Amino acid sequence: MSPHSRLALLSASFTARTGAWIQSIQSAHELVAPDRESSATCRHALTRAQFDDVVLAEIQRANRAQADVTIAMFDIDHLANVNGDYGFEVGDSLVQQVERELLDELRPVDALFYLGCGSWAILLPIIPSVEVQEHVEMLRNYVQRRLAIYFATHDVGGMTVATISAGLVVSESAVLELPDMLQAASQATLASKLRGGNRTSVWSESTGDVVGRSDGRRRGHPVVRRPF
């Protein structure tokens, strides 16, 4: 079975449990963006300004249900170099294409947020913690394959390849606070980059150690740090 088929099968297995979540996330989106449809019913990335309200609503819901909450981050590797070598127009095109591929493959219950600088956060509900790393890695690999096809069929200013690093944190029974989850997901993504990029890391003490040994200037908040 192909990774893409496995991802589709994994997503389908949660269909029966998504009704309450869809209603919850739609209500949260209506609070922060009353004039727009929720990401459960259309395909667009939400903004960083909407992130806190939507994720806090899910943390509160999951806390009541003693359910897990997962935040994953996707970050284009070496985007600053892409902008420098090929120009910002090519960099912007790459960012737009990655976002399109993510939106095409995410489940209806997932929420995608663009943080800026080629970095996204994804709220992934209803996935057991033992399965979420495989899910995120399959999603990252899917986007990578779609990018390869895109580069092979389009003129992207001479650019022929791009890779993505991902990191995730699972708050079991929703015990972690939002700032801690955001920082942990950011550190896991940075750990992926420090290990060479083009991979997925789960936050743990070991990822914290990897980041701790790196240059302190690379530890900033994911919204303001520059990708490398």
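Find out how many positive minus negative residues lie around Val161, taking Lys and Arg as positive, Asp and Glu as negative, among other residues whose Cβ is under 14 Å from that of Val161.
Result for the neighbourhood of Val161: 0.
Using a 1.4 Å probe on the protein heavy atoms, what percent of the accessible area of segment 109-192 belongs to carbon and sulfur?
54 percent
Per residue, how much accessible area does segment 81-152 show when a 1.4 Å probe rolls over the protein heavy atoms, in square angstrom?
Solvent-accessible surface per residue comes out at 38 Å².
The values are calculated or read from the model by the stated rules, or taken from the named source; none is laboratory data. What you see is a predicted model; the values in this text were computed from it and never measured. Cβ coordinates were reconstructed from backbone atoms using ideal geometry, including for glycine residues, and neighbour counts include every protein chain displayed. Each accessible area value is taken on the protein alone, full model and side chains, heavy atoms only, with ligands, DNA and RNA left out. Shrake-Rupley method; radii C 1.70, N 1.55, O 1.52, S 1.80 Å.
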